[in-house]
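> Here it is: the structure, laid out below.
The values are calculated or read from the model by the stated rules, or taken from the named source; none is laboratory data. It should be emphasised that the depicted structure is a prediction, and the values quoted were computed from it without experimental measurement. Cβ placement follows ideal geometry from the backbone for every residue including glycine, while neighbour counts extend to all protein chains displayed. All accessible areas refer to the heavy atoms of the entire protein, side chains included, with ligands and DNA or RNA removed. Shrake-Rupley method; radii C 1.70, N 1.55, O 1.52, S 1.80 Å.
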Amino acid sequence: MRFLLIHTAGAEGSVALADEAVVATEVLPGRSSSEQLVPAVRRLMDTTGWALGDLTAIAVVHGPGSFTGVRVGLSAAKGLSEASGVPLIAVSRLALVAAAAGGSEVVHAVLDAGRGEFYYGQYAGQRCVREALLSGDEVRAAVVGGMVVVCEVKVVEALIDLNPQLVTEPSAGDALPFAVERVRAGEFDDTALVDANYLRRTDAEIFAKPRMESSAR
């Protein structure tokens, strides 16, 4: 199996080529993903001598995270998939954070979403139990058992009472185990239908929140 792995949803982007392990990778510094992503893929292909048609699948981290970064990575992955006919696999960034903790126990992965809110994911091994956009108090209410895992210092500081474990921000190569599992299960995403994993609140949640706060007073 051969994979192209793309992750531009975090503070720093990266791309990688892998078979049983990562064989080549390149970091996309800062917010340069939109300009550097496709040239970086081309350089890695040239370095390894691989062609798009040699790939088993293209795996992309489709959020949550930077709106621009998510859109850039997903658009590039979908374009390459459509042009080459190589299947597409979308992986949640929260799943990568949870996996960084190791083990198979319940893990609560949390990422900063800005404005006092957090991207939250509950995982049992690699199985997603739930993902949502939550306030700090909602995260505290959701964490029952298991460990809390984060990759951003600001989240550690905001949720210090939950004793979060700080891990390194996942890179593109960290999506490899998920890609391998999905290929073995024959589970691919529809290139035309797969969307960014932005984890926005629903209209019902947005309008219900002010009413709940009002009644609490």
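> Being touching an Asp or Glu at 6+ places or on another chain (Cβ under 6 Å) and at pLDDT below 95 is the filter here, so list the residues in the range 2-26 that pass it.
10
> Suppose we filter 138, 157, 131 for residues that are open to solvent by 40 Å² or more (accessible area, probe 1.4 Å), in a strand (DSSP E or B), farther than 25 Å from residue 26 by Cβ and not polar (S, T, N, Q); which single one remains?
None of the others qualify; the one that does is 131.
> Then there is this: Run residue 148 past the list (1) in a loop (DSSP other than H, G, I, E, B); (2) in contact with a helix residue (DSSP H, G or I) (Cβ under 7 Å, 6 or more places away or on another chain); (3) not basic (Lys, Arg) and report the number of the one that doesn't hold.
(1)
> Quick one: in the range 39-80, which of the residues that are of a type in the set (Val, Ile, Thr) and surrounded by 14 or more Cβ atoms within 10 Å (Cβ to Cβ) is farthest from the chain's Cα centre (by Cα)?
48
> For the range 116-128, name all the residues that are assigned to a strand (DSSP E or B), more than 19 Å from residue 166 (Cβ to Cβ) and touching a strand residue (DSSP E or B) at 6+ places or on another chain (Cβ under 7 Å).
Matches in the range 116-128: 117, 124, 128.
> Among residues belonging to the range 81-125 that are out of contact with any Gly (no Cβ under 9 Å at 6 or more places or on another chain) and loosely packed, with under 13 Cβ neighbours inside 10 Å, point out the one that is farthest from residue 6 (Cα to Cα).
The residue in question is 115.
> Six or more apart or on different chains, Cβ under 7 Å: which pairs go from a residue in the range 1-26 that's touching a residue at least 40 places away in the same chain (Cβ under 8 Å) and small (Gly, Ala, Ser) to one that's open to solvent by 10 Å² or more (accessible area, probe 1.4 Å) and in a strand (DSSP E or B)? Could you list them?
The qualifying pairs are 14/25; 14/26; 14/27; 16/22; 16/24; 16/25.
> Every residue in the range 15-32 that is out of contact with any Lys or Arg (no Cβ under 7 Å at 6 or more places or on another chain) and open to solvent by 10 Å² or more (accessible area, probe 1.4 Å), please.
Those that are out of contact with any Lys or Arg (no Cβ under 7 Å at 6 or more places or on another chain) and open to solvent by 10 Å² or more (accessible area, probe 1.4 Å): 20, 21, 22, 23, 24, 25, 27, 29, 30, 31, 32.
> Taking the condition closer than 25 Å to residue 4 by Cβ, among the small types (Gly, Ala, Ser) and either touching a residue at least 12 places away in the same chain (Cβ under 8 Å) or open to solvent by 10 Å² or more (accessible area, probe 1.4 Å) (or both), does residue 146 pass?
No: the conditions fail for residue 146.
> Pull up the range 160-194, narrow it to residues that are of a type in the set (Gly, Ala, Ser), exposed (fewer than 10 other Cβ atoms within 10 Å of the Cβ) and not in a helix (DSSP H, G or I), then point me to the one that is modelled with the highest pLDDT.
Residue satisfying both the conditions and the ranking: 186.
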